[in-house]
Amino acid sequence: MAKKRKKTAVSKKAETPFIKDLGPPDVAEAEVVKPPAPTPTSRLLAFRSPESSIIRGAEYSLETQSLVVTFHSADKDPPKRFLYPRVPADVFAKFAAAESKGAFFMREIRQKYNGERV
């Protein structure tokens, strides 16, 4: 009998169809960037944003409160990724639910959290 996965408690706004629970890092999709030093039991949340001209997608570790944002780049260049540590889960949930990912990022993440390229 297969074990049922326990749902992570996140605000109701975060329960939108474009947030994807990727499960433990060892079974995550190959494209997902893993935050530093996750444990096998940590949980990752992610979204893709094809409609945004700036943000390609984001991954969030509930355990480490680390946010990795992937930006669109020129066709020949690899995507640019930045790590933002100590971002609260509710900020990620609002980011994922924002109508304009780029505007929310510029206003609520870039201005308030120190990011570094990874």
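Computed from the coordinates by the stated procedures, all read-outs in this text should not be read as laboratory data. Keep in mind that this is a model prediction, so the values were computed, not measured. Cβ sites come from the backbone with ideal geometry, for glycine too, and all protein chains shown count toward neighbours.
Couple of notes before you dig in:
- Coupling constants for the stretch 86-102 follow from the phi torsions by the Karplus curve (6.51 cos²θ - 1.76 cosθ + 1.60, θ = phi - 60°), and in residue order they are 6, 9, x, 4, 5, 5, 4, 4, 5, 4, 5, 8, 4, 5, 10, 5, x Hz; glycine and proline get x.
- 20 °C / 1.002 mPa s Stokes-Einstein diffusion coefficient of the stretch 36-117, Kirkwood radius on C-alpha pairs, µm²/s: 166 µm²/s
- Taking Tyr113, Tyr60, Tyr84 and counting other C-beta atoms within 10 Å, the order from fewest to most: Tyr113, Tyr84, Tyr60
- Of the residues Val91, Val68, the one with the fewest other Cβ atoms within 10 Å heads the list, and the complete ranking is Val91, Val68.
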